[in-house]
1. Go through segment A:131-147 residue by residue and tally those that are surrounded by fewer than 24 Cβ atoms within 10 Å (Cβ to Cβ) and within 14 Å of another protein chain (Cβ to nearest Cβ).
2. Identify, please: which residue in segment A:155-185 is under 10 Å from the mean Cα position of the chain (by Cα) and either modelled with pLDDT under 95 or within 14 Å of chain B (Cβ to nearest Cβ) (or both) and is, among those, nearest to residue A:127 (Cα to Cα)?
3. Only residues that are within 11 Å of chain A (Cβ to nearest Cβ), part of a helix (DSSP H, G or I) and under 20 Å from residue B:203 (Cα atoms): list them for segment B:266-282, please.
4. Inside segment B:191-204, can you point out the residues that are at the interface with chain A (Cβ under 7 Å from one of its Cβ atoms) and out of contact with any strand residue (DSSP E or B) (no Cβ under 6 Å at 6 or more places or on another chain)?
5. When the residues of segment B:164-185 are filtered to those that are more than 24 Å from residue B:61 (Cα to Cα) and out of contact with any helix residue (DSSP H, G or I) (no Cβ under 7 Å at 6 or more places or on another chain), which remaining residue is nearest to the other protein chains (Cβ to nearest Cβ)?
6. Being within 21 Å of residue B:273 (Cα to Cα) and within 24 Å of the chain's Cα centre (by Cα) is the filter here; which residues of segment B:126-162 pass it?
7. Among the candidates B:379, B:413, single out the residue that is within 14 Å of chain A (Cβ to nearest Cβ), touching a residue at least 24 places away in the same chain (Cβ under 8 Å) and either over 18 Å from residue B:343 (Cα atoms) or in a loop (DSSP other than H, G, I, E, B) (or both).
8. Tell me which residues, restricted to segment A:131-145, are out of contact with any strand residue (DSSP E or B) (no Cβ under 8 Å at 6 or more places or on another chain) and more than 15 Å from residue B:264 (Cβ to Cβ).
């Protein structure tokens, strides 16, 4: 009896344009490529002395971060400013909800300020989707990370990184190493990589951190880092959170690094021109050796600068999708209003 | 007490071997006669059922009731004549005074009969036994810890030993909360895709195995509430073959829905125990069809704010009372449940478990429901009586329209 709104469809207009950006799952190759192409074009504007483009002029963007994240929030803020939007940062983690206000109350209050876009980060999977279903039509939601579910802008900046360094995503073998279980980044990357034609996606880690259901998403599971790295074009290392030890998922950071930490010796198993990525912030000596993080194959800092361009791209596309949808609804309403008399026969 | 002739009813009660078009004569609330159509003396006021189905009234082994007058009306409209209410209501059912408060509220409402389930441990904390005997004396039909955990196996053993001494019915759930690990839905591909923490099947089955071994040791009569895994049904079946005094039920939600319904993060489908795989659902249906499992509503009304939140932040539970019979008859209509199994699982078996008179017996107070089995119904937030609009079937095409409900000889609902 499944009849619920499909999270992959809520983010599209009737004619298939992006109007929210909630997940990479279910988006077409053409649409993902459009995001990458637009982001590419923004990278060149970033290198100019005057970095602003007027695509979101007059629009109000609200950064709604229910979880702290200085880095992601700052890149969204910069992206919005470079699109000429007004931006409001709300540190919800320390304000409204801690005073007992519900998420819905917070939303209604913000809507009353006539915002045009919410950039949402929340600890609960599905939070961005929930908000997209509740907000007034015309307001775009950009998911900046919801629980373990999705972090689509991070995944798209990773796709852009791969494309710019390897020329294409098609045919690449990509390894994602570490805490796959808790990773919204890994889930969003897997969906995007599959749609964009990667040859093989491997998830590597201990069974406590790699759910067997990852195979249902199309990834190949490896428990051994050295086996998993053989012939790989792209290595994506994930951050290991300290609390994984207290949750009995791992014995210690030391043992984890011994088994799954990326060292120069282990990286040598991958293809010679393999690139190393990390969504940051990195734990040196826990999941990645400093020599690798700072080494020639590392593109970690490039990822950060591409992040702004990708966020500019999805914000611009979602806003334009919302505007187009509102215009087409208004046109339809006008059309319906005009056609009413003829239906009643008043106009012969 | 009703004096009434229900004419032209298709009387169906497998426990009494009844399946025929009949007239049912009620005198002062008692079933006086079930006779062939047209042969009964018709001085009584008549209720012409136009060949609608008449089955024994539903007995719900588990519901959460906070607003007695409203929810017992919802139950009456749903064909439920008796309603066991879990102890975690407000106030907690943990003292004889609170039991009597509930009984008085039920009597005043004069709808479906509330049967209080008392708290098994003090404050449902799972550490110290509640005053189990006093609660039984006060009228509790059973004792349970709702779904609150009893982590200490020694406490479980003592509960069973004490209950055996005083012949009490204990209702337990099977869930190792450490293994559940704050999960929000069934552990499987859907949970992984949605990034929601999963509850593994073993959270239920290891707990059930431990409790079955304790039953073997103590001989205590245990009813297991709201099983959700196919494997659990098999374990109950084996325990019964072995001769252990155990029974079990499944919530209607787990017969109708699966983890796939959580797609889209719809918090309506956030329930405890979680909706599991299609394979589990099929095994649970088989368990009902072969008489191993009773069905309960596991009704829990939630206000709109409690459900209007991201999935994991919402409150669990579904509002079921109004629609319970329609949901079961819809499963009959789809060929997934047999009608005789539905009557058995929602009335006959619960009566046996609670030690009540089962089915439509002559010279006994009438507990029955007349339902137009084939009538299409579609519920909306406005049409359901429960304060909880968190029904999983709003807008869905169902079958089964309740026409009349009698509980212990009282007419408690007429459409």
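1. Number of matching residues: 4.
2. Restricting attention to segment A:155-185, the residues satisfying the condition of being under 10 Å from the mean Cα position of the chain (by Cα) are A:155-158, A:184-185.
Now restrict to residues that are either modelled with pLDDT under 95 or within 14 Å of chain B (Cβ to nearest Cβ) (or both): A:155, A:184-185.
Working: A:155: 18, A:184: 13, A:185: 16 Å.
Among residues in segment A:155-185 that are under 10 Å from the mean Cα position of the chain (by Cα) and either modelled with pLDDT under 95 or within 14 Å of chain B (Cβ to nearest Cβ) (or both), the one nearest to residue A:127 (Cα to Cα) is A:184.
3. If the condition is that a residue be within 11 Å of chain A (Cβ to nearest Cβ), part of a helix (DSSP H, G or I) and under 20 Å from residue B:203 (Cα atoms), then B:269 is the only one that fits.
4. At the first step, the residues of segment B:191-204 found to be at the interface with chain A (Cβ under 7 Å from one of its Cβ atoms) are B:192-196.
Answer for segment B:191-204, where residues must be at the interface with chain A (Cβ under 7 Å from one of its Cβ atoms) and out of contact with any strand residue (DSSP E or B) (no Cβ under 6 Å at 6 or more places or on another chain): B:192, B:193, B:194, B:195.
5. Selected residue: B:181.
6. B:126, B:142, B:143, B:144, B:145, B:146, B:147, B:148, B:149, B:150, B:156 - these are the residues of segment B:126-162 that are within 21 Å of residue B:273 (Cα to Cα) and within 24 Å of the chain's Cα centre (by Cα).
7. Numbers: B:413 fails: within 14 Å of chain A (Cβ to nearest Cβ).
Testing whether each residue is within 14 Å of chain A (Cβ to nearest Cβ), touching a residue at least 24 places away in the same chain (Cβ under 8 Å) and either over 18 Å from residue B:343 (Cα atoms) or in a loop (DSSP other than H, G, I, E, B) (or both) leaves just B:379.
8. Answer for segment A:131-145, where residues must be out of contact with any strand residue (DSSP E or B) (no Cβ under 8 Å at 6 or more places or on another chain) and more than 15 Å from residue B:264 (Cβ to Cβ): A:136, A:137, A:138.
The values are calculated or read from the model by the stated rules, or taken from the named source; none is laboratory data. Small disclaimer: the values here were computed from a predicted structure and weren't measured. When we count neighbours, we look across all protein chains shown, and the Cβ atoms used for this are built from the backbone with ideal geometry, even at glycine.
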